[in-house]
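The values are calculated or read from the model by the stated rules, or taken from the named source; none is laboratory data. Bear in mind that the values here come from a model prediction, so they are computed numbers and not experimental data. Neighbour counts are summed over all protein chains in view; Cβ atoms, including those assigned to glycine, are modelled from backbone coordinates with ideal geometry.
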Amino acid sequence: MPYVEGQTIHDADSHVMELPGTINPYIDAKFRDRFVELAGPKAILPEWSAKIQALQDDAEFRAGDAANLLLRKNYQALGAFRAQDRPKALDHFGFASQLVFTTACLSNFGLEQMGEIELALETARAHNRMMTEFCSVDRRLLATAYVPLVDRAQAPIIAREAIALGAKALVIASRHPPGFSPSHRELDPLWALAQEAGLPILFHVGGEEKMAADYLENGLPFVKDFHGGDENFTSLSFMTIPLSIWQTLSALVIDGVFDRFPSLKWGAIELGASWLPSLMQFLDSGVAAFGKEERLQKLSGKPSEILRRQFRATPYPHENTRWIIENSGEEMCLFSSDFPHVEGGRNPLKRFNDGLEGLSAPTKRRFFRDNFIDLMGQGLDPALHDLPQLQVA
């Protein structure tokens, strides 16, 4: 019996849990040594990887795949790093489709911030080869490809290559590229390419500007993250997640990118959405206050209206999803599981259903199905819009 029954649900956020060194063979040989040098000693851990793979080969462990679908997380999860197992996980979930993101490469290893531009571009290409190959085992798995904006001329070239490989969505960082705005006119060829292909531009957590380390120097003991380590979010650093996307979306709307490409859809994945109603109101307020600016007079409508037309977001399961929808728009929010990450929880469907209580059936259908179909455009085969048994309904 699948986790989801009797309705079509698309999952807007899932991940590959790459074993250390998984991306290395996808990197051009002339860049590989430099990449390993910069990635650090965690890049290849053969003994640890062998132990994790042996667990997935253990018949007794695998006998519990279905029963432990939402209990086993990270590398223990079904299909976490083995492509041939991922369709089985999707069968057990009962999702109609699933967007698939990296785990290890979410920040592109910080190479753009290091000034390692050539290596950053090659690593993005390697990531895209890795992700499209992983997802090629099942058309329900929708591969995401990363496009660095740091080289404005190369960005559309990398995007075109990724689309040819089979990518169904293009990911950019929510922080601005070093030295210029993501709304720069020389990036228009990238947006034009995505619009023509009917694929969305996505932001994902990991691509934002991190909290300044100074805020962590508070005279108190250092706080570990919920994984027990030092490299992820705590309650304080979590607060910076929406800051980059807030600024980037503001620039894209105010500088006319959304209007120049009115059919292009944009999505914020695993960045939460409690900030969205406030951004919409703040943008409208800013336009009202500075309405004499020529660029604002050219906008096709209020910024909030433009965002409703083209932008979608995934709330966290611990956010007040009903409040977000009621204060932004029923067309703007999407379901996500974050499988196999711990953050997704053990029962995301229940948590979101609880959070949607009191909303109409059509609004719930938008959250679980319709808004995802709208976001993905040509990236989602029409045959996948509904589960086979529900396609007549």
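Assessment of the stretch 63-70 against the conditions (crowded, with 17+ Cβ neighbours inside 10 Å, more than 26 Å from the chain's Cα centre (by Cα) and not charged (D, E, K, R)) yields no matching residue. So which residues in the stretch 350-392 are crowded, with 20+ Cβ neighbours inside 10 Å, assigned to a helix (DSSP H, G or I) and under 20 Å from the mean Cα position of the chain (by Cα), if there are any at all? Those that are crowded, with 20+ Cβ neighbours inside 10 Å, assigned to a helix (DSSP H, G or I) and under 20 Å from the mean Cα position of the chain (by Cα): Phe352, Arg366, Phe367, Phe368, Arg369, Asn371, Phe372, Leu375, Met376, Gly379. Only a single item in (1) at pLDDT 95 or above; (2) surrounded by fewer than 18 Cβ atoms within 10 Å (Cβ to Cβ) is not met by Thr8, and it is number (2). Would it be correct to say that Met131 is in contact with a Cys (Cβ under 9 Å, 6 or more places away or on another chain) and either under 22 Å from Ala83 (Cβ atoms) or part of a loop (DSSP other than H, G, I, E, B) (or both)? Criteria met by Met131. Kindly establish whether Leu69 is hydrophobic (A, V, I, L, M, F, W, C) and either assigned to a helix (DSSP H, G or I) or more than 17 Å from Val342 (Cβ to Cβ) (or both). Here the answer is no, as Leu69 does not meet what is asked. Being buried (at least 20 other Cβ atoms within 10 Å of the Cβ) and either assigned to a loop (DSSP other than H, G, I, E, B) or without any contact (Cβ under 8 Å) to a residue 12 or more places away in the chain (or both) is the requirement here; does Gly79 meet it? Yes, satisfied. The stretch 188-278 holds helices (runs of 4 or more DSSP H) entirely within its bounds, and those carrying 1 or more residues that are over 21 Å from Leu170 (Cα atoms) map to 241-254.
Residues in the stretch 269-301 that are in contact with a His (Cβ under 8 Å, 6 or more places away or on another chain) and not charged (D, E, K, R): Ile269, Leu271.
If you check Ile269 against the conditions, is it without any contact (Cβ under 8 Å) to a residue 40 or more places away in the chain, buried (at least 20 other Cβ atoms within 10 Å of the Cβ), farther than 23 Å from Asp188 by Cβ and touching an Asp or Glu at 6+ places or on another chain (Cβ under 7 Å)? Against the criterion (without any contact (Cβ under 8 Å) to a residue 40 or more places away in the chain, buried (at least 20 other Cβ atoms within 10 Å of the Cβ), farther than 23 Å from Asp188 by Cβ and touching an Asp or Glu at 6+ places or on another chain (Cβ under 7 Å)), Ile269 does not qualify.
Cβ-Cβ distances below 9 Å connect the following pairs, each with a first residue in the stretch 317-340 that is more than 24 Å from Val100 (Cα to Cα), a second residue that is assigned to a strand (DSSP E or B) and hydrophobic (A, V, I, L, M, F, W, C), and a separation of six or more residues or different chains: Ile324/Ala313; Ile324/Cys333; Ile325/Cys333; Ser328/Ala313.
Scanning the stretch 317-328 for residues being surrounded by fewer than 21 Cβ atoms within 10 Å (Cβ to Cβ) and part of a loop (DSSP other than H, G, I, E, B) gives a total of 3.
Of the set (1) part of a helix (DSSP H, G or I); (2) within 21 Å of Asp255 (Cα to Cα), all apply to Ala126 but (2). Output yes when any residue across the stretch 28-35 is hydrophobic (A, V, I, L, M, F, W, C) and over 26 Å from the mean Cα position of the chain (by Cα), and no when none is. For the stretch 28-35, residues hydrophobic (A, V, I, L, M, F, W, C) and over 26 Å from the mean Cα position of the chain (by Cα): present. Taking the criterion of being under 22 Å from Glu208 (Cβ atoms) and either assigned to a loop (DSSP other than H, G, I, E, B) or within 18 Å of the chain's Cα centre (by Cα) (or both), the residues of the stretch 144-157 that qualify are Thr144, Ala145, Tyr146, Val147, Pro148, Leu149, Val150, Asp151, Arg152. Just one of (1) part of a helix (DSSP H, G or I); (2) within 22 Å of Leu202 (Cα to Cα); (3) of a type outside the set (Phe, Trp, Tyr) fails for Arg295. It is (2).
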